[in-house]
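J.: Before we start, here is the structure in question, set down as structure tokens.
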Amino acid sequence: QVPAGGTSPFHMEDSVWTHVLLVLQAALGMEDASLADILCALVHDFGKPGTARARLAADGSQRISFYGHGPRGVQDALDFLLDWQERFQDIDAGDICDIAFCVSKHIDFYSLEDCSQAGFFCNGRRRLLAMLARLFACDVEGSVMDPATSAFKYDLELLLDVQANIGGIPLSWPE
């Protein structure tokens, strides 16, 4: 993720693979993690290789971006999960659909203004919102960010807000 000689205050873990392992480790460390949560953590960034693009940042440094990697990763995640299901038969089709949804939408969670908007992403399903929030927590924990950046502070504040208020978050946009 960081070009040779470059730096990034947003992803200091240096590679997508390292990030995925950190996200997976975070999921494995959660007390209430289901197999679906763990597999979601594993496949959430499958779209990054196909969307990697070098770009010049505002400060003149080289950065690699992955715009659209969530939706782009859904098919690869589905292929992996369906193969997993065939081999191990320990995950059902509903969980696979929920994981695919979380893969597609996980990056959108970062653009929320506050936790009251989180329900918009879950198709009116609180279980799906909880799964997406757990992935968000693992993704934040698996991103070795500079805690001094405003992005880190915002992500942490949003995460804590969602976790504290998940039961009362409206499941759709107000009329």
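J.: Taking the options L135, L129, L160, name whichever one is among the hydrophobic types (A, V, I, L, M, F, W, C) and touching a His at 6+ places or on another chain (Cβ under 6 Å).
T.: Testing whether each residue is among the hydrophobic types (A, V, I, L, M, F, W, C) and touching a His at 6+ places or on another chain (Cβ under 6 Å) leaves just L135.
J.: Next question, about the same structure. Are there any pairs, at least 6 apart or on different chains, whose C-beta atoms fall under 7 Å, with the first in the range 27-53 and within 15 Å of W84 (Cα to Cα) and free of Cβ contacts under 8 Å to residues at least 12 places away in the same chain and the second surrounded by fewer than 20 Cβ atoms within 10 Å (Cβ to Cβ) and among the small types (G, A, S), and if so, which?
T.: Close Cβ pairs (under 7 Å, with a partner that is surrounded by fewer than 20 Cβ atoms within 10 Å (Cβ to Cβ) and among the small types (G, A, S)) do not exist here.
J.: Then there's this: Kindly indicate the residue of the range 110-142 that is among the hydrophobic types (A, V, I, L, M, F, W, C) and under 10 Å from the mean Cα position of the chain (by Cα) and also surrounded by the fewest Cβ atoms within 10 Å (Cβ to Cβ) among those meeting that condition.
T.: Going through the range 110-142, the residues among the hydrophobic types (A, V, I, L, M, F, W, C) turn out to be 112, 115, 118, 120-122, 128-133, 135-138, 140.
Next cut, under 10 Å from the mean Cα position of the chain (by Cα) only: 132-133, 135-138, 140.
Details: L132: 23, A133: 22, L135: 23, F136: 24, A137: 22, C138: 26, V140: 18.
So, considering only residues that are among the hydrophobic types (A, V, I, L, M, F, W, C) and under 10 Å from the mean Cα position of the chain (by Cα), the one surrounded by the fewest Cβ atoms within 10 Å (Cβ to Cβ) is V140.
J.: Then there's this: So which residues in the range 56-90 are on the phi > 0 side of the Ramachandran plot and either in contact (Cβ under 8 Å) with a residue 40 or more places away in the chain or part of a strand (DSSP E or B) (or both), if there are any at all?
T.: Matches in the range 56-90: none.
J.: Name the single residue that is surrounded by the most Cβ atoms within 10 Å (Cβ to Cβ) among those in the range 149-175 being outside any helix (DSSP H, G or I) and in contact (Cβ under 8 Å) with a residue 24 or more places away in the chain.
T.: Among those residues, the one meeting the criterion is I169.
J.: In contact with a helix residue (DSSP H, G or I) (Cβ under 8 Å, 6 or more places away or on another chain) and farther than 22 Å from F46 by Cβ: which single residue out of Q163, Q62, Q85, Q117 fits that description?
T.: Within the list Q163, Q62, Q85, Q117, the selection yields Q163.
J.: Which pairs do you get when a residue that is under 12 Å from C102 (Cα atoms), found in the range 113-141, comes within reach of a residue that is part of a loop (DSSP other than H, G, I, E, B) and of a type in the set (V, I, T), reach meaning Cβ atoms under 8 angstrom, with the pair 6+ apart or on two chains?
T.: L129/I169
J.: Can you tell me which residue is modelled with the highest pLDDT among those in the range 1-31 that are more than 22 Å from A77 (Cβ to Cβ) and not hydrophobic (A, V, I, L, M, F, W, C)?
T.: Step one: list which residues in the range 1-31 are more than 22 Å from A77 (Cβ to Cβ), which gives 2-10, 12, 14, 31.
Adding the requirement that they be not hydrophobic (A, V, I, L, M, F, W, C) leaves 3, 5-9, 14, 31.
Working: P3: 45, G5: 47, G6: 48, T7: 50, S8: 50, P9: 47, D14: 70, E31: 93.
Residue satisfying both the conditions and the ranking: E31.
J.: Condition (residue is open to solvent by 20 Å² or more (accessible area, probe 1.4 Å), in contact with a Leu (Cβ under 7 Å, 6 or more places away or on another chain) and in contact (Cβ under 8 Å) with a residue 40 or more places away in the chain) applied to the range 91-103: is it met by at least one residue?
T.: Among the residues of the range 91-103, not one is open to solvent by 20 Å² or more (accessible area, probe 1.4 Å), in contact with a Leu (Cβ under 7 Å, 6 or more places away or on another chain) and in contact (Cβ under 8 Å) with a residue 40 or more places away in the chain, which makes the answer no.
The values are calculated or read from the model by the stated rules, or taken from the named source; none is laboratory data. Note that the structure is predicted; figures quoted are calculated from it, not measured. Don't worry about glycine lacking a Cβ; one is built from the backbone with ideal geometry, like all the others, and counts go over all protein chains shown. Each accessible area value is taken on the protein alone, full model and side chains, heavy atoms only, with ligands, DNA and RNA left out. Shrake-Rupley method; radii C 1.70, N 1.55, O 1.52, S 1.80 Å.
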